[in-house]
Amino acid sequence: MAQPRVLVIGGGLAGLSATMRLAELGVQVDLVSLVPVKRSHSVCAQGGINSVNSLTRQQGDNEWKHFDDTVYGGDFLQHQPPVKEMADWGPRIVDLMDRLGVPFNRTPEGFRDQRRFGGTLFKRTAFAGATTGQQLLYSLDEQVRRWEVEGKVKKWEFWDFLEPVLDDAGRCRGAICQDLVTMQFRAFPADAVIIATGGCGLLFGRSTMSMVCNGSAVSRAYRAGAWYGNGEFIQVHPTAIPGADKLRLMSESARGEGGRVWVPKTPHDPRDPRDIPESERSYFLEERYPKYGNLVPRDIATREIFDICTNEGLSVEKDRLCVYLDLTHVPRETLDRKLGGILEIYEKFQGVDPRVVPMKIFPAVHYSMGGLWVDYEKSSTGGLVEGSPRNQQTNIPGLYAIGECDYQYHGANRLGANSLLSCIFSGLFCAPGVIASCDSGGKKAAEESSRLFDSGLRREEERHRALLVRTAGDENPYDLHQQLGNLMTRVATVVRRNDQLAAAYAEVCSLEERWRRCAVSDSGNWTNQNVVFTKSLGDMFPLAKLVLKGALQRDECRGAHYKPDFAMPGIHATDPVEKRREAEAWCDRFEANTRRWLKSTVAACGPGGEPEISYQDVDTSLTPPRPRLYGLVGGEEIEDVWKERQNAATVGGNAHKGPAAFAGATG
Amino acid sequence: MIRSVESTGHHDGGQPSQSPADHGGNGHSAPQRFVRVRILRQDAPGEESYWERFEIPYVANMNVISILQQVAAQAKSRDGRRVAPVAWDCNCLEEVCGSCTMLINGRTRMACSALVDRLLDESADEIELRPMSKFPVVRDLVVDRGRLFHSLERVKAWVPVDDSYDHGPGPRISPENQEDAYPLATCISCGCCLEACPQFTKIELVRREDESADDFEARRTAAFDAGFVGAHAISQAMLFNGHPTGKMIADERLTALTAQGGIQMCGNAQNCVAVCPKSIPLTRSIARAGRAATVWAIRKIFDR
């Protein structure tokens with residue numbers, strides 16, 4: 001029998017870890033990437049990677065608490081078994097990266113240093129300066145280069161994934177790709193295809209994401225029948241540096257190292273921020289969330305910053321929304337050692353030294369919690385069965401998704417420093433299951449007749465040709481992209497309203513119509529970036545639609561998805577009896593909402609490209625959903641009522657596995 | 001230069017000039033200002049290169065990437081001809097992916113961190129963009145930097161771990177060692193150091209008509225192996241020779257560094273360190289590598 005061959009699309013952290021593990025297990029890997037893999041978007045990740053470690057363990061931390069923080073931070077929208085497995089693997093993964101040579105910061109004794117990130121009270125985050133993603137990616141890139149020299153891996157850099165190839169039984173048997181230099185098409189027979197192409201920030205025009213994060217590969221899989229889960233959950237990072245071409249990330253680690261967010265109490269105070277006395281500053285996160293302070297989960301920090309600028313009119317500048325992120329009280333030496341890389345970015349692009357002058361920042365689209373729907377096989381201990389071909393497999397057999405482009409790990413909101421972990425985990429963990437899947441397919445893809453691949457090749461050649469001849473249209477793809485981005489940013493980020501979402505859906509449909517009249521200004525067949533961009537723009541519309549429709553239909557607030565019309569405000573009564581009654585009512589409403597909306601959104605691409613949305617129950621078998629009360633007014637009273645109900649349920653024989661301790665997030 | 005629509009041709013030190021012709025009926029709105037750019041273009045390998053000029057609306061705080069995005073969007077040269085968009089490489093736009101290296105006003109640097117206001121201070125008339133000269137042009141500003149990555153193979157720039165299974169943490173490392181290693185590890189493979197190096201010369205091979213892809217690849221690899229390995233790779237070799245596990249194959253790296261195209265080709269021009277966008281101490285790495293290679297060569301004599 002021929003050796004299995006696997007095609008990996010995307011060479012970021014997830015794609016490279018899968019490639020490394022597959023090659024090590026003896027599988028031949030073709031690695032396709034839009035850019036040289038060392039230039040993938042993972043390099044932009046700054047802050048660090050989470051895992052329980054020897055220090056936190058002795059402070060009462062354990063894998064269960066990492067799991068619990070992750071699902072609580074994600075507002076319980078994730079299936080719990082994969083998250084548990086990931087948290088369990090955390091320590092092993094950080095150890096492995098340490099062995100691969102990642103220059104993690106060190107304690108004086110030579111151990112890995114750790115910092116604290118949002119949504120937890122433990123210092124779980126290992127880091128390499130402020131370029132942890134870059135360092136993790138490089139060490140995997142180096143290992144994959146080793147396998148390339150060994151002949152186990154072949155890289156196809158500057159290649160674009162166009163569509164998966166399915167056989168008559170609906171199993172994925174490879175893919176059609178295009179060389180972005182010569183514009184030649186090629187069929188890649190493969191016994192499994194793994195998509196590891198990251199997020200879709202370009203739907204929003206400017207974001208913290210790189211230019212390759214256009215979602216095209218995922219969109220093409222979706223149009224070929226793969227489901228898309230939780231599309232409406234888009235993380236808006238609280239702190240980014242506004243820019244004309246891109247919104248550059250200012251890592252959460254700036255707050256982890258003591259950075260304080262504030263605005264002057266006087267709107268648009270014209271004074272130099274350093275001359276504004278403490279008494280005339282509002283440290284609004286610290287005031288509203290005394291327990292977590294500046295390190296509340298991202299969705300909350302984002303909304304507060306957005307709110308203080310738009311609703312309270314306290315933006316630092318009059319013409320541009322921003323707040324101060326202040327590190328000037330931290331010793332320069334500490335900043336250089338722990339945050340050097342990100343402070344240089346600020347200095348380089350803004351021309352101001354953030355060690356001396358407070359930075360000006362504002363939220364920006366940052367991460368797609370949603371992504372391709374993937375399966376898993378649950379183990380008897382509540383985690384996953386290692387080696388199961390179902391792990392990370394989309395609804396199309398033989399087609400896998402890992403990393404940011406799957407929907408599995410972060411629910412309604414991702415905690416900082418969990419993405420690097422989920423990317424490496426899903427890549428490493430899926431490999432044995434992928435191989436099992438290859439071996440279950442019978443005939444190897446390489447032995448299939450070429451007919452299987454011919455129709456896909458012809459379809460893609462025709463699609464390409466049709467774009468090239470459209471030189472007489474009246475629409476400009478770059479302008480359309482800008483319009484799409486502005487629209488999506490306006491209606492589908494921090495605050496969402498049904499009337500706006502419905503109108504935006506219609507507008508996206510009309511933008512898509514106009515896209516059909518796009519003219520390419522380059523009709524050549526050599527390194528034609530113009531036609532490649534136009535093609536990927538066309539692939540953004542199906543994703544934009546499923547994001548909007550998912551958001552429109554979900555009438556609740558959960559994590560990053562915030563609809564003020566459906567918010568559950570705190571309780572305000574002062575009379576104890578009335579207060580108690582309000583807390584009971586609040587918990588009733590919470591339970592009803594959980595029954596109605598604690599469901600994965602699953603979008604399937606209908607005929608005509610419109611999303612058909614259904615809902616699936618979420619596996620909450622390890623810990624029951626509980627109210628996320630970060631800073632809510634009257635949270636203590638609600639927490640009391642909630643605990644009583646949980647205790648009653650436990651006595652009633654309805655006990656859940658694991659500690660019933662409340663995460664105590666009310667401050 | 002930045003000029004207004006009806007510019008009279010004079011310039012004022014690169015500061016945006018204003019024109020009464022562009023007020024659009026509103027005396028308070030700022031007139032539209034423009035940046036002039038000339039770009040050295042080439043349609044494909046082996047083709048003649050040519051200059052094309054563009055005029056781009058000025059936006060505050062713009063960088064060279066914003067200029068190129070606008071060039072693509074308008075697809076029109078300064079004299080109003082419809083032209084194909086200029087091809088260029090970019091990805092992260094925050095100087096950490098290493099994609100967008102080009103010659104900007106004659107200097108090798110990253111396009112994303114090249115701020116237009118500062119470029120205009122240097123040369124107010126026009127911003128000049130050219131592709132890197134030490135790598136084969138693919139199209140316009142896109143070059144093939146495959147050789148740069150091949151050099152990393154030559155020096156075995158990796159930690160030779162047994163496997164990716166769990167064997168506990170890596171070696172203990174002192175903060176001093178980490179602080180020494182980290183700057184070297186931030187190399188983004190942009191190629192600026194190679195572009196600026198007098199010893200690193202262009203290798204451009206063309207596939208022969210009767211040559212298979214594999215044969216061409218083998219011929220290309222052999223040519224790369226004979227050429228200078230480059231400052232970036234020497235520095236990576238020192239990075240891994242300083243790592244407790246990485247140094248277990250230190251001799252193999254030194255073998256590569258003393259072979260043809262190795263460290264002896266370095267002419268000590270020190271241009272590499274001057275142009276590195278990440279301020280990596282490349283000359284320190286080269287000096288270390290030189291010393292290590294000498295010690296190693298002597299040791300080899302006595303070990304015989």
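Details
- A:CYS430 more than 18 Å from the chain's Cα centre (by Cα), modelled with pLDDT of 95 or more and closer than 20 Å to A:VAL218 by Cα: yes
- Of residues in segment B:146-177 being among the charged types (D, E, K, R) and not in a loop (DSSP other than H, G, I, E, B), the one farthest from B:THR101 (Cα to Cα): B:GLU176
- The C-beta contact set for segment B:281-304 (first residue assigned by TED's automatic domain parsing to the domain that holds B:VAL229 and in contact (Cβ under 8 Å) with a residue 60 or more places away in the chain, second residue β-branched (Val, Ile, Thr) and surrounded by 11 or more Cβ atoms within 10 Å (Cβ to Cβ), distance under 7 angstrom, 6+ apart or interchain) comprises B:PRO281/B:VAL273; B:LEU282/B:VAL273; B:SER285/B:ILE234.
- Residue within segment A:170-192 that is at pLDDT 95 or above, in contact with a Ser or Thr (Cβ under 6 Å, 6 or more places away or on another chain), surrounded by 20 or more Cβ atoms within 10 Å (Cβ to Cβ) and assigned by TED's automatic domain parsing to the domain that holds A:ARG21 present: yes
- Single match in A:GLU157, A:GLU109, A:GLU150 (criterion: open to solvent by 10 Å² or more (accessible area, probe 1.4 Å), without any contact (Cβ under 8 Å) to a residue 12 or more places away in the chain, within 12 Å of chain B (Cβ to nearest Cβ) and more than 30 Å from A:GLN483 (Cβ to Cβ)): A:GLU109
- Selection of segment B:134-154 for residues being among the charged types (D, E, K, R) and within 11 Å of another protein chain (Cβ to nearest Cβ) yields B:ARG139, B:ASP140, B:ASP144, B:ARG145, B:GLU153, B:ARG154.
- Qualifying residue in segment B:178-187 (condition: part of a loop (DSSP other than H, G, I, E, B) and of a type in the set (A, V, I, L, M)): no
- Selection within segment B:56-102 - more than 7 Å from chain A (Cβ to nearest Cβ), open to solvent by 10 Å² or more (accessible area, probe 1.4 Å) and not hydroxyl-bearing (Ser, Thr, Tyr): B:PRO57, B:ALA60, B:GLN70, B:GLN74, B:LYS76, B:ARG78, B:ASP79, B:GLY80, B:ARG81, B:VAL83, B:TRP88, B:ASP89
- Residue list for segment A:86-106, restricted to those being outside any loop (DSSP other than H, G, I, E, B), touching a strand residue (DSSP E or B) at 6+ places or on another chain (Cβ under 8 Å) and at the interface with chain B (Cβ under 7 Å from one of its Cβ atoms): A:ASP98, A:ARG106
- Flag if A:GLY229 is of a type in the set (Gly, Ala, Ser) and surrounded by fewer than 22 Cβ atoms within 10 Å (Cβ to Cβ): no
- Of the residues in segment A:496-514, not one is within 14 Å of another protein chain (Cβ to nearest Cβ) and open to solvent by less than 10 Å² (accessible area, probe 1.4 Å).
- Residue list for segment A:515-535, filter: open to solvent by 10 Å² or more (accessible area, probe 1.4 Å), touching a residue at least 60 places away in the same chain (Cβ under 8 Å) and of a type outside the set (S, T, N, Q): A:TRP526, A:VAL532
- Looking only at residues in segment B:97-124 that are outside any loop (DSSP other than H, G, I, E, B) and under 17 Å from A:TYR346 (Cα atoms), the one that is nearest to the chain's Cα centre (by Cα) is B:MET110.
- When residues in segment A:112-126 are screened for being under 23 Å from A:VAL71 (Cβ atoms) and either open to solvent by 20 Å² or more (accessible area, probe 1.4 Å) or within 11 Å of another protein chain (Cβ to nearest Cβ) (or both), 6 of them pass.
- Only residues that are more than 14 Å from chain B (Cβ to nearest Cβ) and in contact with a Phe, Trp or Tyr (Cβ under 9 Å, 6 or more places away or on another chain) were counted across segment A:344-366, and they come to 8.
- Segment A:22-55, subset surrounded by fewer than 24 Cβ atoms within 10 Å (Cβ to Cβ), within 10 Å of chain B (Cβ to nearest Cβ) and in a helix (DSSP H, G or I), residue modelled with the highest pLDDT: A:GLU24
- Scanning segment A:336-354 for residues that are open to solvent by less than 30 Å² (accessible area, probe 1.4 Å) and more than 27 Å from the chain's Cα centre (by Cα) yields a single hit, A:PRO354.
- One residue stands out among those in segment A:272-304 that are at pLDDT 95 or above and among the hydrophobic types (A, V, I, L, M, F, W, C): the one that is surrounded by the most Cβ atoms within 10 Å (Cβ to Cβ), which is A:LEU285.
- Qualifying residues in segment B:163-188 (those that are touching a residue at least 12 places away in the same chain (Cβ under 8 Å) and more than 7 Å from chain A (Cβ to nearest Cβ)) - the one nearest to the chain's Cα centre (by Cα): B:ILE188
- A:GLY129 being surrounded by 22 or more Cβ atoms within 10 Å (Cβ to Cβ) and touching a His at 6+ places or on another chain (Cβ under 6 Å): no
- Inter-residue pairs, beta-carbon under 6 Å, first open to solvent by less than 40 Å² (accessible area, probe 1.4 Å) and in segment A:560-575, second of a type in the set (S, T, N, Q), 6+ apart: A:ALA560/A:GLN235; A:ALA560/A:ASN413
- Selection of segment A:130-151 for residues being in contact with a Ser or Thr (Cβ under 9 Å, 6 or more places away or on another chain) and either farther than 18 Å from B:GLY246 by Cα or of a type in the set (Asp, Glu) (or both) yields A:ALA130, A:THR131, A:THR132, A:GLY133, A:GLN134, A:ASP141.
- Selection within segment A:206-230 - within 21 Å of the chain's Cα centre (by Cα), modelled with pLDDT of 95 or more and assigned to a loop (DSSP other than H, G, I, E, B): A:SER207, A:THR208, A:MET209, A:SER210, A:MET211, A:VAL212, A:CYS213, A:ASN214, A:GLY215, A:ALA226, A:TRP227, A:ASN230
- Listed by first and then second residue, the pairs linking a residue in segment B:68-89 that is free of Cβ contacts under 8 Å to residues at least 24 places away in the same chain and within 27 Å of A:VAL35 (Cα to Cα) to a residue that is in a loop (DSSP other than H, G, I, E, B) and acidic (Asp, Glu), with Cβ atoms under 7 Å apart and 6 or more places separating them unless they lie on different chains, are B:GLN69/A:ASP245; B:ALA84/A:ASP522; B:PRO85/A:ASP522.
The values are calculated or read from the model by the stated rules, or taken from the named source; none is laboratory data. Bear in mind that the values here come from a model prediction, so they are computed numbers and not experimental data. Please note: Cβ atoms are built from the backbone with ideal geometry, for glycine as well, and neighbour counts cover all protein chains shown. We work out accessible area using only protein heavy atoms, side chains counted, and drop any ligands, DNA or RNA first. Shrake-Rupley method; radii C 1.70, N 1.55, O 1.52, S 1.80 Å.
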